[in-house]
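Note sheet for the following structure.
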Amino acid sequence: MTPGSLTIALDDRATTISIVAGGEWTLPVGPASLVERELEGADRPAPEQLTNALGIVADHLDDVIRESDMVLVAPTVVFTGRHAVSFGCVELGVDTLPAGYTVSRPDADDVFRTLVAEPIAERLHNPGLEPADVETVIGTCCVVLAVMRRLERSEVMIVDAVGAA
């Protein structure tokens, strides 16, 4: 990857942001912890729950930006990890993400709006969504969208492994 590019690895309880040749930060929030903290028990999360979840990610990202404004000018933003790949598969409605997949912000917003409007029982029927991710996918949407919005990105890549970017 190009120096200055961002890799954002999503784990259940943490989001790790790495700048190629520039530093690394771990946000103490991931898709599962967002669901536990803000969205747990919500078959369909309320707007204020979603706003809070997006805000938590944005607040932690602001801390990273204060330490390194390189985050704002990264030539490429790449999401990795099981949760990111699951998000991409749902957006495309496929079981396997193609190499070099890029999601636009309007498409990411559309996935978010669709999934949060569905109760869990309906969400299970989305092509590409694994049953294990039916609840955490909302947390994943919040992380991806908060990053895209805060960094003013019109698109991001999602890859299975960093080397595939």
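The values are calculated or read from the model by the stated rules, or taken from the named source; none is laboratory data. This is a predicted model, so every value here is computed, not measured. Neighbour counts run over all protein chains shown; Cβ positions are idealised from the backbone, glycine included.
Of everything in region 27-73 that's under 17 Å from T15 (Cα atoms) and of a type in the set (G, A, S), which residue is farthest from the chain's Cα centre (by Cα)? So, considering only residues that are under 17 Å from T15 (Cα atoms) and of a type in the set (G, A, S), the one farthest from the chain's Cα centre (by Cα) is S68. Assess whether D62 counts as being assigned to a helix (DSSP H, G or I) and surrounded by fewer than 22 Cβ atoms within 10 Å (Cβ to Cβ). Yes: the conditions hold for D62. Within the option set L6, L10, being in contact with a helix residue (DSSP H, G or I) (Cβ under 6 Å, 6 or more places away or on another chain) and closer than 22 Å to A99 by Cβ holds for one residue only, L10. When restricted to residues that are under 20 Å from R150 (Cα atoms) and among the hydrophobic types (A, V, I, L, M, F, W, C), region 27-58 contains 9. For T26, the criteria (1) on the phi < 0 side of the Ramachandran plot; (2) modelled with pLDDT under 95 hold in every case but one, which is (2). The set of residues in region 65-90 that are surrounded by fewer than 21 Cβ atoms within 10 Å (Cβ to Cβ), of a type outside the set (V, I, T) and not in a loop (DSSP other than H, G, I, E, B) comprises R66, E67, D69, M70, L72, R82. Residues in region 27-47: is at least one β-branched (V, I, T), touching a residue at least 24 places away in the same chain (Cβ under 8 Å) and under 23 Å from P119 (Cα atoms)? Yes, that holds for at least one residue.
The set of residues from region 113-165 being farther than 18 Å from L39 by Cβ, small (G, A, S) and either in contact with a Lys or Arg (Cβ under 9 Å, 6 or more places away or on another chain) or not in a helix (DSSP H, G or I) (or both) comprises G128, S154, A161, A165. Mind listing whichever residues of region 51-94 are within 18 Å of D107 (Cα to Cα) and not β-branched (V, I, T)? If the condition is that a residue be within 18 Å of D107 (Cα to Cα) and not β-branched (V, I, T), then L54, F79, H83, A84, S86, F87, G88, C89, E91, L92, G93 are the ones that fit. Within region 108-124, residues that are in contact (Cβ under 8 Å) with a residue 60 or more places away in the chain and among the β-branched types (V, I, T) reach partners that are part of a helix (DSSP H, G or I) and surrounded by 12 or more Cβ atoms within 10 Å (Cβ to Cβ) with beta carbons closer than 7 Å, at six or more positions or on different chains, in the pairs V116/L50; V116/I138. Would you mind stating whether D109 is of a type outside the set (A, V, I, L, M), farther than 17 Å from V35 by Cβ and not in a helix (DSSP H, G or I)? So D109 does not fit the description; no. Of all residues in region 1-26, those that are among the polar types (S, T, N, Q) and without any contact (Cβ under 8 Å) to a residue 60 or more places away in the chain total 3.
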